[in-house]
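K.L.:
This is the structure, below, for whatever I ask next.
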Amino acid sequence: MKHSILIISILLNALISQAQNLTGKITDVYEQPVAFANIILMETDSTFITGTISDENGIFELISPEKNALLKITYIGYTDKVISVKPHQTETGNILLAENTQLLGEIIVKGLLPTTHIKGEAMVTHITGTILEKAGTAEDVLVKIPGIMQKGEDINVFGRGKPLVYINSREIHDLSELNQLTSENIRSVEVITNPGARYDKSVKAVIKIHTKKKADDGFGFGDRANISYNDKTSYKNQLDLNYRRDKLDIAGMISYTDKYNWRKNEAIQNTYLENYTEQKMNTYQEISSQQIIANTAVNYSLNPDQSFGGNYRYSRYPNADMDMNIGTTIYEDHALVERSTSLINTESPETYHEANAYYNGKVGTWNIDVNTTVLRNKETVTGLTQEKIHTAAAGDEENTVHTDTETRNTFYAAKMILSSSVFGGEISLGGEFTHTLRTSLYENLEGIVENDDSKIKERLFSGFLEYSREINIVRVQAGLRFENVNFNYYKSGIYQDEQSKNYNHFFPSFSLSVPVKDIETQLSYTSDITRPIYEMLRNRIDYVNRYTYESGNPLLKPSTSHIGAFKSSYKWLLLYADLQHIKNDFIFSSETYSTENPGIALLRQENAPSYNAMNLMVNAAPKIGNWSPQWSFEIYKQWYKVDAPGLPENNKLSLDRASLAIRWKNSLDLPAGFTLSADINWEGKTDRSNISYKATWWSEASLYKEFFNRRLTLLLQANDIFNTYRNKQMIYYGKIRTMSMDQRYSWRSIGLTVHYKFNIPASKYKGTGAGETQKGRL
């Protein structure tokens with residue numbers, strides 16, 4: 001404790017001490033800021049004094065010298081520049097860097113390298129002037145960023161999972177919004193793997209996209225059409241409109257999507273009770289949906305320091321159908337006892353309304369950011385299951401099962417963040433409040449499973465304090481967040497004391513960043529929480545087929561993690577490593593539905609015992625002529641033990657196999673302005689909680705071309721070209737049951753996107769919304 005007090009005292013003294021600073025701005029010949037350039041202050045004999053890097057706006061700040069000195073600015077792709085600095089000088093003005101082309105033998109290396117730097121808590125990739133300007137859309141840019149991976153329609157950050165994604169401080173609600181923004185309008189991308197105290201601690205990672213282009217006043221529009229084929233045709237058309245005049249900015253979007261997907265699954269469930277039972281299930285599932293989305297945002301800037309606005313979003317699934325065919329064969333002690341076929345159809349139309357409002361301003365030295373959100377939605381699911389069964393004992397039998405589910409959500413949220421410069425650094429503090437009301441009615445007409453009438457009322461209050469400062473070349477950031485959750489559960493209108501909970505959590509965070517010449521490093525610690533989505537907390541039992549029921553678990557506890565991470569970058573090399581301690585993780589479990597029906601499996605999620613895990617990634621992204629390759633090597637290992645059939649009473653199975661994933665991404669500038677991309681992903685065998693996965697691989701390619709000064713772009717894409725992606729896994733459900741699965745998805749597809757735009761940039765809307773992670777649980 002004494003040591004901790006001493007360290008804190010030293011840090012406080014360092015924070016409070018003041019010095020005269022030297023500031024400046026780095027720009028290129030196109031008057032664009034040069035972000036993350038290395039700036040070194042040295043004596044006239046080249047002795048190092050201090051150093052820093054420019055921020056995303058090209059601005060830098062360091063201690064002014066006591067005597068005549070030299071300032072050296074370096075950045076890959078630009079000629080080094082050295083200027084003289086006088087004693088106690090406070091400004092350098094704009095410093096212009098000239099582009100540099102180096103001839104290395106017969107290989108030309110141009111200044112088109114999208115290098116990744118460490119800046120504060122983020123890993124930042126500068127897009128301006130790199131080959132990523134020709135990637136296509138913001139989504140195409142993201143999948144080229146180190147540590148970001150896309151599977152199907154999901155985007156994940158290595159080691160952290162699904163992120164929040166922002167465009168110019170505005171969170172996007174649908175990843176399709178990434179396709180509204182073209183790559184040439186992106187200035188930089190930040191990836192935050194250990195978000196600080198200002199973020200809800202359910203947030204595992206954050207991606208921030210910063211744009212560079214300003215639109216002219218007047219009217220702008222864009223239209224993006226996409227058609228793809230994966231056994232059947234899917235189609236999407238999106239119209240973007242924008243009007244800007246002086247201080248007023250109005251943006252609108254309307255889109256229509258007609259989508260088709262399929263999935264195949266071969267599963268074998270083994271049950272070890274008095275008799276050994278083997279269930280073989282072959283499943284084929286088709287999903288077709290139509291979606292209409294309309295969005296409008298109004299923004300008004302009173303002055304450069306103050307703006308306010310509102311946003312409304314409407315979404316409607318007029319048709320969302322799922323058809324599934326399950327063929328099941330059952331053996332008891334290796335003897336055939338039953339065959340059956342289940343035809344399942346569900347229809348789930350949904351209507352969604354969301355409104356946001358914000359104010360962003362400045363009072364004195366304090367920046368104020370206020371956001372509110374109101375949301376309502378309704379989803380109805382009608383299910384019909386038709387079963388044909390043949391048993392050795394009873395012959396043929398037919399069953400029909402009807403289910404109806406109606407779910408309604410009402411959600412309110414408000415958030416305020418204050419920030420100001422204090423003691424040479426920046427302090428941020430604020431709070432957030434959310435209120436959720438969720439009702440669910442479930443009926444099974446035949447009475448095979450119990451009807452359910454449940455209600456959830458949940459309130460969350462959080463407050464945080466965060467401070468950051470640069471001391472010479474060192475950047476320190478520390479914060480603390482408090483979150484209180486009051487969860488109330490009702491069944492048939494009656495309060496359920498056992499399921500209702502009140503949680504109080506404190507989440508500290510800390511990061512230390514040190515750039516030394518071309519090497520940038522960061523050490524960080526954070527703690528976070530994963531709250532179960534509301535569907536996981538449901539009390540009802542869903543009928544899948546006569547052998548399998550699926551339920552929620554109102555007794556699920558939130559999962560918490562403690563993460564220590566190390567990041568380092570050197571030119572085009574990037575290293576990331578973390579160690580995690582995970583408590584109450586969510587795992588799938590299977591138990592016997594009842595003693596009267598031991599052959600029926602009840603699937604649900606439960607909390608796992610605590611375990612440790614680690615992630616390691618090395619990323620190399622050089623630039624060789626017109627070729628921009630990127631190699632990423634990722635290692636994951638967990639230390640997890642699980643009950644499994646056939647083991648002695650006190651023994652457990654260790655699922656701790658270290659896994660390796662290799663990703664090879666390529667971009668190539670071709671004649672006539674074409675850009676070719678080709679990627680290969682390989683993921684080795686791995687263990688994740690109580691699931692073991694087999695190795696798999698897949699490949700992707702795209703061809704991009706611009707016309708009419710970038711107003712018209714064409715993007716041809718092919719996914720899972722050789723139809724190789726498979727999800728093979730073994731799930732350990734304890735001592736009585738295991739399940740092996742071999743899943744295939746409709747990933748193999750080919751698609752064409754045509755995008756025409758005129759004067760249509762990202763909106764100036766600055767609202768960030770409120771209660772975003774809570775809203776994501778609905």
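K.L.:
Show me the strands (runs of 3 or more DSSP E) found entirely inside region 199-256 where at least 1 residues are touching a residue at least 40 places away in the same chain (Cβ under 8 Å), within 29 Å of GLN306 (Cα to Cα) and touching a helix residue (DSSP H, G or I) at 6+ places or on another chain (Cβ under 7 Å). Quick ask: steps written out before the conclusion?
P.N.:
Working: elements: 206-211, 218-229, 233-245.
So the answer is 206-211, 233-245.
K.L.:
So, one more: Please go through region 265-286 and pick out each residue that is more than 30 Å from GLY646 (Cα to Cα) and either open to solvent by 70 Å² or more (accessible area, probe 1.4 Å) or within 24 Å of the chain's Cα centre (by Cα) (or both).
P.N.:
Within region 265-286, just TYR284 meets the criteria.
K.L.:
Count, please, the residues in region 37-96 that happen to be of a type in the set (D, E, K, R), touching a residue at least 40 places away in the same chain (Cβ under 8 Å), within 21 Å of THR130 (Cα to Cα) and in contact with a Ser or Thr (Cβ under 8 Å, 6 or more places away or on another chain). Please lay out each step first, then the result.
P.N.:
Initial filter on region 37-96 (of a type in the set (D, E, K, R)): 43, 45, 55-56, 61, 66-67, 72, 80-81, 86, 91.
Going one step further and asking which of them are touching a residue at least 40 places away in the same chain (Cβ under 8 Å), we end up with 55-56, 61, 91.
So of that shortlist, the ones also within 21 Å of THR130 (Cα to Cα) come out as 55-56.
From the residues that got through so far, the ones that are in contact with a Ser or Thr (Cβ under 8 Å, 6 or more places away or on another chain) too are 56.
The total comes to 1.
K.L.:
Could you please give the count of residues in region 687-704 that are part of a strand (DSSP E or B), in contact (Cβ under 8 Å) with a residue 60 or more places away in the chain and of a type in the set (Gly, Ala, Ser)?
P.N.:
Looking only at that region, the number is 1.
K.L.:
Within region 144-171, how many residues turn out to be assigned to a loop (DSSP other than H, G, I, E, B) and either in contact with a helix residue (DSSP H, G or I) (Cβ under 8 Å, 6 or more places away or on another chain) or charged (D, E, K, R) (or both)? Give the derivation first.
P.N.:
Of region 144-171, the ones assigned to a loop (DSSP other than H, G, I, E, B) are 144-147, 152-153, 158-160, 162-163, 168-169.
Okay, now just the ones that are also either in contact with a helix residue (DSSP H, G or I) (Cβ under 8 Å, 6 or more places away or on another chain) or charged (D, E, K, R) (or both), so 144, 153, 160, 162.
The total comes to 4.
K.L.:
Would you confirm, using the coordinates I've provided, whether ASN194 is open to solvent by less than 20 Å² (accessible area, probe 1.4 Å) and in a loop (DSSP other than H, G, I, E, B)?
P.N.:
On the way: open to solvent by less than 20 Å² (accessible area, probe 1.4 Å): yes; in a loop (DSSP other than H, G, I, E, B): yes.
So ASN194 passes the test.
This table checks each residue for (1) over 38 Å from the mean Cα position of the chain (by Cα); (2) closer than 17 Å to ILE95 by Cα.
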{"position": "ILE40", "(1), (2)": "no, yes"}
{"position": "GLU43", "(1), (2)": "yes, no"}
{"position": "SER46", "(1), (2)": "yes, no"}
{"position": "THR50", "(1), (2)": "no, no"}
{"position": "LEU62", "(1), (2)": "no, yes"}
{"position": "ASN68", "(1), (2)": "yes, no"}
{"position": "LYS72", "(1), (2)": "no, yes"}
{"position": "THR79", "(1), (2)": "no, yes"}
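K.L.:
Can you find, within region 708-761, the residue that is nearest to LEU181 (Cα to Cα) among those that are in a strand (DSSP E or B) and of a type in the set (Gly, Ala, Ser)? So that I can check it myself, show each step before the final result.
P.N.:
If we filter region 708-761 for residues that are in a strand (DSSP E or B), which is where we start, we get 712-719, 727-732, 737-745, 749-758.
From what is left, the residues that are of a type in the set (Gly, Ala, Ser) are 718, 740, 749, 751.
Working: ALA718: 21, SER740: 41, SER749: 23, GLY751: 18 Å.
This residue is GLY751.
K.L.:
Condition first: in contact with a helix residue (DSSP H, G or I) (Cβ under 8 Å, 6 or more places away or on another chain) and open to solvent by 20 Å² or more (accessible area, probe 1.4 Å). Now tell me which residues in region 114-143 satisfy that. Can you show your working first?
P.N.:
If we filter region 114-143 for residues that are in contact with a helix residue (DSSP H, G or I) (Cβ under 8 Å, 6 or more places away or on another chain), which is where we start, we get 114, 125, 127, 132-142.
Scanning region 114-143 gives PRO114, GLU133, LYS134, GLU139, ASP140.
K.L.:
Being in contact (Cβ under 8 Å) with a residue 60 or more places away in the chain, of a type in the set (Gly, Ala, Ser) and under 28 Å from GLU379 (Cα atoms) is true for just one of ALA297, ALA320, ALA267. Which residue is that?
P.N.:
Working: ALA320 fails: in contact (Cβ under 8 Å) with a residue 60 or more places away in the chain; ALA267 fails: under 28 Å from GLU379 (Cα atoms).
Being in contact (Cβ under 8 Å) with a residue 60 or more places away in the chain, of a type in the set (Gly, Ala, Ser) and under 28 Å from GLU379 (Cα atoms) holds for just one of ALA297, ALA320, ALA267, which is ALA297.
K.L.:
Does region 328-339 contain any residue that is surrounded by fewer than 19 Cβ atoms within 10 Å (Cβ to Cβ) and in contact with a His (Cβ under 9 Å, 6 or more places away or on another chain)?
P.N.:
Yes, region 328-339 has at least one match.
K.L.:
So which of ASN371, ASN345 ends up being more than 30 Å from the chain's Cα centre (by Cα), modelled with pLDDT of 90 or more and of a type in the set (S, T, N, Q)? I'd like the intermediate steps shown before the answer.
P.N.:
Details: ASN371 fails: more than 30 Å from the chain's Cα centre (by Cα).
Going through ASN371, ASN345 in turn, the sole match is ASN345.
K.L.:
Only one of (1) exposed (fewer than 15 other Cβ atoms within 10 Å of the Cβ); (2) over 22 Å from ALA413 (Cα atoms) fails for ALA320. Which number is that?
P.N.:
Of everything listed in (1) exposed (fewer than 15 other Cβ atoms within 10 Å of the Cβ); (2) over 22 Å from ALA413 (Cα atoms), ALA320 misses just condition (1).
K.L.:
If LYS623 satisfies all but one of (1) surrounded by fewer than 20 Cβ atoms within 10 Å (Cβ to Cβ); (2) modelled with pLDDT under 85, what's the number of the condition it fails?
P.N.:
(1) is the only condition that LYS623 fails.
K.L.:
Can you tell which of GLU706, GLU683, GLU700 is closer than 21 Å to ASN615 by Cβ and out of contact with any Cys (no Cβ under 9 Å at 6 or more places or on another chain)? Walk me through how you get there before you give the answer.
P.N.:
Values: GLU706 fails: closer than 21 Å to ASN615 by Cβ; GLU700 fails: closer than 21 Å to ASN615 by Cβ.
Of the residues listed, the single one that is closer than 21 Å to ASN615 by Cβ and out of contact with any Cys (no Cβ under 9 Å at 6 or more places or on another chain) is GLU683.
K.L.:
Could you grab the pairs with beta carbons closer than 8 Å, sequence gap of 6+ or different chains, first residue in region 490-508 and more than 29 Å from SER527 (Cα to Cα), second one part of a strand (DSSP E or B) and open to solvent by 80 Å² or more (accessible area, probe 1.4 Å)?
P.N.:
none
K.L.:
Where in region 557-659 are there strands (runs of 3 or more DSSP E), lying wholly inside it, with at least 3 residues that are touching a residue at least 60 places away in the same chain (Cβ under 8 Å), in contact with an Asp or Glu (Cβ under 6 Å, 6 or more places away or on another chain) and of a type outside the set (D, E, K, R)? Spell out the reasoning first.
P.N.:
On the way: elements: 559-570, 573-583, 586-592, 601-607, 611-620, 627-642, 653-655.
Qualifying strands (runs of 3 or more DSSP E): 559-570.
Residue by residue, here is whether (1) over 20 Å from the mean Cα position of the chain (by Cα); (2) hydrophobic (A, V, I, L, M, F, W, C); (3) buried (at least 20 other Cβ atoms within 10 Å of the Cβ) holds:
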| residue | (1), (2), (3) |
| --- | --- |
| TYR547 | yes, no, yes |
| ASN553 | yes, no, no |
| ILE563 | no, yes, yes |
| TYR570 | yes, no, no |
| HIS581 | yes, no, no |
| SER590 | yes, no, yes |
| GLU596 | yes, no, no |
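K.L.:
Okay, moving on. Output the residues belonging to region 388-403 that are assigned to a strand (DSSP E or B) and either basic (Lys, Arg) or open to solvent by 60 Å² or more (accessible area, probe 1.4 Å) (or both). Reasoning before the result, please.
P.N.:
Of region 388-403, the ones assigned to a strand (DSSP E or B) are 388-391, 395-403.
Answer for region 388-403, where residues must be assigned to a strand (DSSP E or B) and either basic (Lys, Arg) or open to solvent by 60 Å² or more (accessible area, probe 1.4 Å) (or both): LYS388, HIS390, ASP396, GLU397, GLU398, THR400, HIS402.
K.L.:
Going by what's in this entry, would PRO515 be described as more than 22 Å from the chain's Cα centre (by Cα), open to solvent by less than 30 Å² (accessible area, probe 1.4 Å) and more than 27 Å from GLN269 (Cα to Cα)?
P.N.:
Working: more than 22 Å from the chain's Cα centre (by Cα): yes; open to solvent by less than 30 Å² (accessible area, probe 1.4 Å): yes; more than 27 Å from GLN269 (Cα to Cα): yes.
So PRO515 passes the test.
K.L.:
Another question, if that's okay. Consider region 455-476. How many of its residues are at pLDDT 90 or above, open to solvent by less than 40 Å² (accessible area, probe 1.4 Å) and out of contact with any helix residue (DSSP H, G or I) (no Cβ under 9 Å at 6 or more places or on another chain)?
P.N.:
Count: 4.
The values are calculated or read from the model by the stated rules, or taken from the named source; none is laboratory data. Keep in mind that what you see is a predicted model, and the values were worked out from it rather than measured. Note: ideal-geometry Cβ built from the backbone for every residue, glycine included; neighbour counts use all protein chains shown. Surface areas here come from the heavy atoms of the whole protein model, side chains and all, with no ligands, DNA or RNA. Shrake-Rupley method; radii C 1.70, N 1.55, O 1.52, S 1.80 Å.
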